[in-house]
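J.: Quick one: the structure is below, questions incoming.
Each reported figure results from applying straightforward, stated rules to the coordinates on display, with no laboratory input. Values in this document were obtained by computation on a predicted structure and should not be read as measured data. Glycine also receives a Cβ, built like all others from the backbone with ideal geometry; neighbour counts cover every protein chain displayed.
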Amino acid sequence: MLRYPALHERTMVDFLARFSKWQAFKLATVSGFAEPLGVVLVAYLFPSSLSPEILEGLLASVVGVMAFLTLHQMLPLAFDYAGQKQAVKAVFFGMAFMSAR
């Protein structure tokens, strides 16, 4: 049985995916640029006070938020659609691929 999120858990991307997958893809892509553009904005506004340690901390906090969202919201839905074993494999390989140098 599929678990559908409550109305307050649904995103604009979910809403648009019901009507236009292309619109949902464009919105998801644009929203994905928010974190990198925020780092560039901070680097531009505060160039003298942005040390490598601060930059690493900012990027690590963004990674933490993204990992939390993946594990807390997306993984339960993936269990429903693909099964637990396949969903866990996909998350593991996806995170390994993104962290590979």
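J.: How many residues are under 28 Å from GLY38 (Cβ atoms), without any contact (Cβ under 8 Å) to a residue 24 or more places away in the chain and among the aliphatic types (A, V, I, L, M) if we restrict to the range 67-101?
T.: Counting residues in the range 67-101 that are under 28 Å from GLY38 (Cβ atoms), without any contact (Cβ under 8 Å) to a residue 24 or more places away in the chain and among the aliphatic types (A, V, I, L, M) gives 10.
J.: Among helices (runs of 4 or more DSSP H) lying entirely in the range 24-97, which contain 1 or more residues that are touching a Pro at 6+ places or on another chain (Cβ under 9 Å)? Please lay out each step first, then the result.
T.: Details: elements: 34-45, 52-69, 75-82.
Of the helices (runs of 4 or more DSSP H) lying wholly inside the range 24-97, those with at least 1 residues that are touching a Pro at 6+ places or on another chain (Cβ under 9 Å) span 52-69, 75-82.
J.: Restricting the search to the range 13-62, which residues are surrounded by 13 or more Cβ atoms within 10 Å (Cβ to Cβ) and under 26 Å from ALA96 (Cβ atoms)?
T.: VAL13, PHE25, ALA28, GLU35, VAL39, LEU55, LEU58, LEU59, VAL62
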